[in-house]
Amino acid sequence: MEIVQTILIALASFFANPITYFGLLLVYIIASKRVKKERSSFHTRVYRRLADFIVPFWPALLIGLCLSVLLIGVGFVLEWQALAIMMIIMLLLMLTFQIRWLSPSYIIGLTIIALAVIPLTGEYAFIAEYIDIMQLDKLIPILSLLLGLLVIAEGILIQKNGTVYTSPRLERASRGKWIGFHLSERIWFLPLIVFIPDGIIPTFEFWPVLPVAGMELQPLLIPFFIGFKQKVTSSLPANAIRSAGRQVFILGIALLLLSISSLFIGWIAYIVTGVAIIGREYLWHLARNRDKQGLPMYVEQKEGCTILGVLPGSLAEKLDLKVGETIVKVNGRKVVDETSFYEALQANSAFCKLDVLDYDQEIRFEQGALYDSEHHQLGVLLVKKDVSLSNSVT
């Protein structure tokens, strides 16, 4: 019965946590906003709202499972008061609707700062009822270890999953012309198992990072949300996002090595916190500035039409047309904008032949039956030529 009770408490900690439901609501809000923006740009949604839940689900679940096994293996124990502070900070960051701030660098970094400030509040007698100040020198290094592990997880998720189903958009340039870009805006939902004191699971000597020996532990299943947002205008979205993910992964490795040192030299944990927050902010600005300095990739061309997006399930997807490739001819006719593209496509309402300039600047030929595609469209998204709100799906 005690084992069953322990499991039920662990599950209840997950489903009773308001962060779980607010995080899912935030995903829905972001998905609805994305669909609205896509309809504004192309008069059609590119991906369903459900994609924002399904696409990140399995990668996040796998990463959460691996991290949970690792945390159990090292005997990671977190005081429930520190866990509560972490959840509050995560909720406050969610309320800003700035998805990129849902990085472990900010969530756990601010948690460590909050715990470090507690002894300086002058209200020691009151706060001591909730936080054991004498254990902060052991608790903060433990949190820095979790910080390093989660930043590594963030880098992996960005590289492997941040490039999937990026959202194409249109915006006006300073001179009034339309330019295209891709936006990766993703929230990963990681279920993590952590230990808190006062349970029925006894500690073992081989657990290396237990802050206190000779206690009994209670496992909790907690929701941890990781957010990512990046706009890509001047390159292929996959290349830019993978590059950002590699940089975050390297930052996580550095943080993990420093956090391991902090288990022996406690004050290094504060260096970990500073490096995490400053480093993550620097990487975000670096990616943004690099994109701004490059030439826009998705604009009107003198020859051909650059593909801004491909609708799922369309003939364009079946023909393996890719974002960033250029269609130079349709049914033997040269195309330079969406109008000429549409006219060339209508030259044969049942079948189309395409001359496509690929990433290696080589021409390949594709052909297919239009009646295999919904609404007899090819399913490519192009940049508008004028300011009219015409349908940019052809």
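The values are calculated or read from the model by the stated rules, or taken from the named source; none is laboratory data. The shown structure was predicted, so the numbers you read here are calculated from the model rather than taken from an experiment. Methodologically, a virtual Cβ is constructed for each residue, glycine included, from the backbone with ideal geometry; neighbour enumeration extends over all protein chains shown. Side chains are part of the model used for accessible areas, which takes the heavy atoms of the whole protein and leaves out ligands, DNA and RNA. Shrake-Rupley method; radii C 1.70, N 1.55, O 1.52, S 1.80 Å.
Assorted remarks:
- Within segment 246-271, the residues that satisfy the criterion of being of a type in the set (A, V, I, L, M) and open to solvent by 40 Å² or more (accessible area, probe 1.4 Å) are 250, 253, 254, 257, 258, 260, 263, 265, 271.
- Criterion applied to 65, 70 was being out of contact with any Asp or Glu (no Cβ under 6 Å at 6 or more places or on another chain), over 30 Å from residue 378 (Cα atoms) and surrounded by 14 or more Cβ atoms within 10 Å (Cβ to Cβ), and the one residue passing it is 65.
- Scanning segment 168-189 for residues being open to solvent by less than 10 Å² (accessible area, probe 1.4 Å) and more than 13 Å from the chain's Cα centre (by Cα) gives a total of 3.
- Residue match in segment 14-36 (condition: of a type in the set (Lys, Arg), in contact with an Asp or Glu (Cβ under 8 Å, 6 or more places away or on another chain) and under 30 Å from residue 384 (Cα atoms)): yes
- Residue that is touching a Phe, Trp or Tyr at 6+ places or on another chain (Cβ under 6 Å), assigned to a strand (DSSP E or B), open to solvent by less than 10 Å² (accessible area, probe 1.4 Å) and within 16 Å of residue 57 (Cα to Cα), where the choices are 192, 157: 192
Residue by residue, here is whether (1) of a type in the set (A, V, I, L, M, F, W, C); (2) closer than 25 Å to residue 227 by Cβ holds:
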position	(1), (2)
253	yes, yes
258	yes, yes
284	yes, yes
289	no, yes
294	no, yes
307	yes, no
313	no, no
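- Scanning segment 255-272 for residues that are touching a residue at least 60 places away in the same chain (Cβ under 8 Å), small (Gly, Ala, Ser) and under 28 Å from residue 159 (Cβ atoms) yields 259, 262, 269.
- Selection of segment 379-388 for residues being at pLDDT 60 or above, open to solvent by less than 70 Å² (accessible area, probe 1.4 Å) and closer than 19 Å to residue 300 by Cβ yields 380, 381, 382, 383, 384.
- Complete set of residues in segment 244-297 that are outside any helix (DSSP H, G or I), among the aliphatic types (A, V, I, L, M) and either out of contact with any helix residue (DSSP H, G or I) (no Cβ under 9 Å at 6 or more places or on another chain) or modelled with pLDDT of 95 or more (or both): 295, 297
- Contact map, segment 123-148: first residue open to solvent by 50 Å² or more (accessible area, probe 1.4 Å) and part of a helix (DSSP H, G or I), second residue of a type in the set (A, V, I, L, M) and modelled with pLDDT under 70, Cβ cut-off under 8 Å, separation 6 or more or different chains; pairs are 124/133; 138/212.
- Filter result (farther than 30 Å from residue 248 by Cβ, open to solvent by 50 Å² or more (accessible area, probe 1.4 Å) and free of Cβ contacts under 8 Å to residues at least 24 places away in the same chain) within segment 284-343: 332, 333, 343
- Here 279, 368, 274 are screened, and the one residue that is more than 27 Å from residue 164 (Cβ to Cβ), of a type in the set (Gly, Ala, Ser) and either under 29 Å from the mean Cα position of the chain (by Cα) or surrounded by 15 or more Cβ atoms within 10 Å (Cβ to Cβ) (or both) is 274.
- The set of residues in segment 161-174 that are under 19 Å from residue 52 (Cβ atoms) and out of contact with any Pro (no Cβ under 6 Å at 6 or more places or on another chain) comprises 162, 163, 164, 165, 167, 168, 169.
- Being in contact with a strand residue (DSSP E or B) (Cβ under 9 Å, 6 or more places away or on another chain), at pLDDT below 95 and assigned to a strand (DSSP E or B) is a property that holds for residue 327.
- Count of segment 214-243 residues, restricted to those that are open to solvent by 10 Å² or more (accessible area, probe 1.4 Å), within 30 Å of residue 181 (Cα to Cα) and either outside any helix (DSSP H, G or I) or among the β-branched types (Val, Ile, Thr) (or both), is 7.
- Only residues that are outside any loop (DSSP other than H, G, I, E, B), within 15 Å of residue 315 (Cα to Cα) and either free of Cβ contacts under 8 Å to residues at least 12 places away in the same chain or of a type in the set (A, V, I, L, M) (or both) were counted in segment 347-364, giving 2.
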